[in-house]
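Below: one structure, written as structure tokens.
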Amino acid sequence: MALAKTKDEWGERASAFLKAKLKEKEVTYVELVKRLKKHGFKETEASLTMKLKRGTFSATFFLACLAAMELEGVVLEEI
């Protein structure tokens, strides 16, 4: 898959990627909220849901989600 070309496309793809990885790892939003707390994030299930629905979140949040799900070796073409 080619890399995203616009800011909106990057957001949509990043959100879809996180949702797919959550499903693959069988991690619920509630569980992700708990895991993110260990990384210093104060999220609620509702705020997490909205961020992933909108596809608007910081790179810091994205990286914390990857760490919280213990993902390694993420390839940009997968996003």
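Laid out as a table, the results:
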{"read-out": "Looking only at region 25-78, and only at residues there that are on the phi > 0 side of the Ramachandran plot and of a type in the set (D, E, K, R), the one that is farthest from the chain's Cα centre (by Cα)", "value": "Glu26"}
{"read-out": "Members of region 46-62 found to be surrounded by 13 or more Cβ atoms within 10 Å (Cβ to Cβ) and over 18 Å from Glu12 (Cβ atoms), listed by number", "value": "Ser47"}
{"read-out": "Those residues of region 28-45 which are in contact (Cβ under 8 Å) with a residue 24 or more places away in the chain and closer than 26 Å to Asp8 by Cβ, in sequence order", "value": "Leu32, Leu36"}
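Coordinate-derived values only; no laboratory data. Source: prediction; values computed, not measured. In this analysis, Cβ positions are derived from the backbone assuming ideal geometry, glycine residues included, and neighbour counts consider all displayed protein chains.
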